[in-house]
Amino acid sequence: MNARFWVYINGSPVKLTLKPYQILSWCEWYRTSEGSHAEVRTWEFYGDRVTELMSTTDYDCDGRLDQDRLFGCPVDLLRAREPYPDDSPRDEVWSWVMWPAWERISASQRDYAAEEAGY
């Protein structure tokens, strides 16, 4: 059995299909008014559960900031609810999309400038 679910990437909902034990990644990088932003999202399917790792790196005048958030969702809850957990913008046209019921497993961040300043 494959895992099919919706995610919000590239400015709109995208339906992903993962085979058992498959890993799929998506990434983007762009300049911002103060530096740059990079994001990597990785989905893994292990038979009864899908995980999503969201990793971002931002550079600005304050230095580098890394953030990681790991979510999990049982296969039977991949089409369970809305809205998406990171409150991504959604168009009314897509209001029928049933999003996964992601639950946060862990989160971390590293602020390199704060570390250098002794915080």
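Some points to look at:
- Qualifying residue in the range 47-60 (condition: part of a loop (DSSP other than H, G, I, E, B) and either under 14 Å from I105 (Cα atoms) or small (G, A, S) (or both)): yes
- Scan of the range 11-40 for residues that are among the hydroxyl-bearing types (S, T, Y) and part of a strand (DSSP E or B), ordered by number: S12, T17, S25, Y30, S36
- When the range 1-43 is filtered for residues that are touching a residue at least 24 places away in the same chain (Cβ under 8 Å), of a type in the set (D, E, K, R) and more than 15 Å from W99 (Cα to Cα), the ones remaining, listed by number, are K19, E34, R41.
- Put simply, of W6, W43 the only residue that is more than 25 Å from Q109 (Cβ to Cβ) and part of a strand (DSSP E or B) is W6.
- Of all the criteria given as (1) modelled with pLDDT under 95; (2) touching a strand residue (DSSP E or B) at 6+ places or on another chain (Cβ under 7 Å), the one not satisfied by S95 is (2).
- Leading residue by the ranking (modelled with the lowest pLDDT) among those in the range 61-92 that are within 26 Å of D111 (Cα to Cα), of a type outside the set (A, V, I, L, M, F, W, C) and in a strand (DSSP E or B): G63
The values are calculated or read from the model by the stated rules, or taken from the named source; none is laboratory data. Just so we're clear, the structure is a prediction, and the values are computed from it rather than from any experiment. Here Cβ is always computed from backbone atoms with ideal geometry, including for glycine, and neighbour counts include all displayed protein chains.
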